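To keep things clear, I will list the structure first and then write my remarks on it.
The values are calculated or read from the model by the stated rules, or taken from the named source; none is laboratory data. Please read all numbers here as calculations on a predicted model, not as lab measurements. Here the Cβ positions follow ideal geometry from the backbone for every residue, glycine too, while neighbour counts run over all protein chains shown. For the accessible areas, the whole protein counts, side chains as well, though only heavy atoms, and no ligand, DNA or RNA atoms are used. Shrake-Rupley method; radii C 1.70, N 1.55, O 1.52, S 1.80 Å.
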Amino acid sequence: MINPLSLLAGWLLDLIFGDPSRLPHPVVWFGRMIAFGEQHLNKGQHRKMKGACLAIMLILFIGLAGWAIRHFLFLTNMYLGIAFDIIVVFYCLAGTTLIREVRAVFVALDRSLEEGRAQVARIVGRDTSELSAQEVRTAALETLAENLSDGVVAPLFWLAIAGTPGMLAYKMVNTLDSMIGYRTERYKDFGCWAAHIDDIANYIPARLTALLMVVASGKISLLGFVAQYGRNHASPNSGYPEAALAGILNCRFGGPHYYFGEEFDKPYIGDNERLLTTADMKTAVRINRLAEVMMVALTTLVLYLNS
C-alpha cells in the first residue's frame, strides 16, 4: 500500500504544476494503445466481443504492469519505489489542469464567442461550433463537475483500494470510455463494454463526489436535489456531480448535445434557466477545490489506518 506522504507529495505536484505539457504522459500512451486496437478491431463481425476483449486486456495489462514495475523498484531501492508512487499520483490526478482550462474558457468567451467555442472544445467531446455563449459556459461547468469525479475522486478512491497499480488501471478504464464509450453508430457495439466497465468503476466515486461538493457548499439540504436530478443523465454516474453543482449554483444543466454529428437529447438537470456568469465559475472552482482537499484528506486517513 502506498505511503500517505507519497500521496500528499504527488497531489502537491499536481496542485502546483498540473499536467506537464512538455513531458510524456501515460494517458497519451493509453490513448495510442486504444486507438491502435480500435483501428484494427472495430470492423467486420463480433465487434462487441472484440471491444470487450480489448478493454479487459488493456485494463489488466496496465494494472499488472504497474504492479510489476512498482514491485521491482521497491525490491531494487525503496526510494525508487516511493518516487514511482509519487509520479503515478502526480500523473493520474487532473484537478488543476481542468480548473485552468475552465477558467480559460470564460476568459476566451469574454473576448469573443468564437474563441470561447474553440477553448471549450479542448475539454468536451461534443460539437461546439454552434453553441451559444450560455451553452459554452454550461458545457465548461458541467465538465468541471464531472471531471472532479473522473479526474480526482475516482483515482483517489481506487488508489485507496488497490494502490498506484489500481490508480493506473482506473485511468485506462476512464480513457477507454472517453475514446470509445459512445452510443454512436461507430462505437455503440465496440465501445459497449468500455462504457459499462467505466460505469461500474465510477458508481461509488460519482456519488461520493456529489456528497463532497454538497458538504463543501455547506448546503446539506441539496442532497434531496441531487437525489432528484442525479438520474437525469444518459450516464448512470455523471448526473450526480453535475446535479450537485447545478444545485449549488441554482442553475440548469443538460439538454440536447451533438457528438460526432449525431444529436443526443439529454434531460435537464435543474430548472432555473438563468444566465451563468464568471462569478458562477469562481464559485464552482472553489467548491471543486474544497471537495478535492476533503477527498485527499479522506484518502490519506484510509492509507494511514491501513499502513
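A few remarks follow.
- Residue count for region 248-258 under the criterion of being open to solvent by 50 Å² or more (accessible area, probe 1.4 Å) and either free of Cβ contacts under 8 Å to residues at least 12 places away in the same chain or not polar (S, T, N, Q) (or both): the result is 3.
- All of 65, 55 fail the test of being surrounded by 13 or more Cβ atoms within 10 Å (Cβ to Cβ) and closer than 24 Å to residue 149 by Cβ, apart from 55.
- Residue count for region 200-234, restricted to those that are assigned to a helix (DSSP H, G or I), open to solvent by 80 Å² or more (accessible area, probe 1.4 Å), β-branched (Val, Ile, Thr) and without any contact (Cβ under 8 Å) to a residue 24 or more places away in the chain: 1
- Matching residues, region 143-190, being hydroxyl-bearing (Ser, Thr, Tyr), part of a helix (DSSP H, G or I) and crowded, with 20+ Cβ neighbours inside 10 Å: 143, 149, 164, 170, 175
- Test: residue in region 133-142 that is within 24 Å of residue 270 (Cα to Cα), open to solvent by 30 Å² or more (accessible area, probe 1.4 Å) and of a type in the set (D, E, K, R): yes
- Total residues in region 102-127 satisfying the condition of being buried (at least 21 other Cβ atoms within 10 Å of the Cβ) and free of Cβ contacts under 8 Å to residues at least 24 places away in the same chain: the figure is 4.
- Check on residue 245, touching a residue at least 24 places away in the same chain (Cβ under 8 Å), under 21 Å from the mean Cα position of the chain (by Cα) and assigned to a helix (DSSP H, G or I): yes
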